[in-house]
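Structure first, then comments.
The values are calculated or read from the model by the stated rules, or taken from the named source; none is laboratory data. Given the structure is predicted, the values throughout are model-derived calculations rather than measurements. Cβ placement follows ideal geometry from the backbone for every residue including glycine, while neighbour counts extend to all protein chains displayed. Calculation scope for accessible area: heavy atoms of the full protein, side chains included, ligands and nucleic acids excluded. Shrake-Rupley method; radii C 1.70, N 1.55, O 1.52, S 1.80 Å.
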Amino acid sequence: MFTPHLSVVDGYLSGSRVRLGLTARGFIDGVDFARIEENKKLAPDALRRLQMIDRKAFKARHSAIFKAWITNLIPDADPDGKAVSAAQKRRLLDYCELHHDEFFDACPSLAVEDAMTVLRTADPRRKPQASDGIDLMHAVIALAYCDYFLVRDGYVKTCAVQSTKALSPRQLARVFDDPATLLNELKPPGAVASPIC
């Protein structure tokens with residue numbers, strides 16, 4: 001979402017307690033970092049639980065996992081502002097699940113998040129980190145909506161590259177782990193390389 005008004009962003013986070021006329025400094029000053037730290041623990045816990053599930057069982061439960069994940073993304077109101085009933089939400093959810101590929105074509109970030117989650121839960125021996133949730137969100141947005149993704153974390157890079165391959169031929173960001181290589185890629189043909197300081 002792009003908006004010049006931080007109050008709009010704050011509305012998603014604060015609900016009815018939105019702060020009008022919010023500045024960047026005010027937004028940062030109002031962040032509850034203790035709550036963020038608590039939320040960081042949720043990602044490693046979720047990843048640990050998913051890692052313990054047998055791959056065959058994971059595939060068998062993919063439909064239920066998909067529905068549980070998508071259900072909170074279905075809006076409470078339609079484009080005209082009319083409330084969406086629980087029955088309508090169930091029908092929308094069933095439609096999204098039945099048209100899985102079309103759904104992911106329309107929502108590239110969700111396609112990437114799904115692929116990254118499958119990869120990140122495939123190794124039951126890996127110990128999830130507190131930064132995993134934040135790393136996932138950065139990688140999802142970069143891969144889905146950017147042309148290039150510079151990542152310095154080896155595990156994130158590995159998952160990003162594998163996700164790109166898994167989602168081929170979908171056009172995703174090209175993944176780099178070296179700034180010099182990325183800069184050379186961005187230079188016009190025939191331009192002389194400049195040193196990186």
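Within segment 118-140, is even one residue within 18 Å of Ala43 (Cα to Cα) and in contact with a strand residue (DSSP E or B) (Cβ under 8 Å, 6 or more places away or on another chain)? For segment 118-140, residues within 18 Å of Ala43 (Cα to Cα) and in contact with a strand residue (DSSP E or B) (Cβ under 8 Å, 6 or more places away or on another chain): present. Being in contact (Cβ under 8 Å) with a residue 12 or more places away in the chain, under 25 Å from Gln162 (Cβ atoms) and β-branched (Val, Ile, Thr) is the requirement here; does Thr117 meet it? The answer is yes for Thr117.
Is at least one residue of segment 45-55 part of a helix (DSSP H, G or I), out of contact with any strand residue (DSSP E or B) (no Cβ under 8 Å at 6 or more places or on another chain), of a type in the set (Val, Ile, Thr) and within 30 Å of Thr121 (Cβ to Cβ)? No, segment 45-55 contains no residue that is part of a helix (DSSP H, G or I), out of contact with any strand residue (DSSP E or B) (no Cβ under 8 Å at 6 or more places or on another chain), of a type in the set (Val, Ile, Thr) and within 30 Å of Thr121 (Cβ to Cβ). Of all residue pairs spaced 6 or more apart or on separate chains, those with beta-carbon atoms under 8 Å, a first member in segment 161-177 that is within 15 Å of Tyr148 (Cα to Cα) and a second member that is assigned to a loop (DSSP other than H, G, I, E, B) and open to solvent by less than 70 Å² (accessible area, probe 1.4 Å) are Ser163/Leu172; Thr164/Leu172; Thr164/Ala173; Ala173/Cys146; Val175/Val151; Phe176/Val151; Asp177/Val151.
Given the criteria open to solvent by less than 50 Å² (accessible area, probe 1.4 Å), without any contact (Cβ under 8 Å) to a residue 60 or more places away in the chain and either within 17 Å of Leu167 (Cα to Cα) or part of a helix (DSSP H, G or I) (or both), does Glu97 qualify? Even if it seems obvious, please write down each step before you answer.
Details: open to solvent by less than 50 Å² (accessible area, probe 1.4 Å): yes; without any contact (Cβ under 8 Å) to a residue 60 or more places away in the chain: yes; either within 17 Å of Leu167 (Cα to Cα) or part of a helix (DSSP H, G or I) (or both): yes.
Yes: the conditions hold for Glu97.
Determine if segment 60-67 includes at least one residue that is outside any helix (DSSP H, G or I), in contact (Cβ under 8 Å) with a residue 24 or more places away in the chain and closer than 23 Å to Asp132 by Cα. Taking every residue of segment 60-67 in turn, none turns out to be outside any helix (DSSP H, G or I), in contact (Cβ under 8 Å) with a residue 24 or more places away in the chain and closer than 23 Å to Asp132 by Cα. Tell me, please, whether a residue that is part of a helix (DSSP H, G or I), open to solvent by 30 Å² or more (accessible area, probe 1.4 Å) and closer than 27 Å to Arg170 by Cβ can be found in segment 75-86. No - not one qualifying residue is present in segment 75-86. When the residues of segment 131-151 are filtered to those that are in a loop (DSSP other than H, G, I, E, B) and over 18 Å from Asp105 (Cα atoms), the one that is least open to solvent (accessible area, probe 1.4 Å) is Val151. Only a single criterion out of (1) within 20 Å of Leu47 (Cα to Cα); (2) touching a helix residue (DSSP H, G or I) at 6+ places or on another chain (Cβ under 6 Å); (3) in a helix (DSSP H, G or I) is not satisfied by Lys157, namely (2).
Per-residue answers, yes or no, for (1) closer than 19 Å to Leu143 by Cβ; (2) small (Gly, Ala, Ser); (3) surrounded by 11 or more Cβ atoms within 10 Å (Cβ to Cβ):
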residue	(1), (2), (3)
Arg49	no, no, yes
Ala68	no, yes, yes
Lys89	no, no, yes
Pro108	yes, no, yes
Thr117	yes, no, yes
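Could you please let me know if Ile36 is at pLDDT below 80 and open to solvent by less than 60 Å² (accessible area, probe 1.4 Å)? So Ile36 fails the test.
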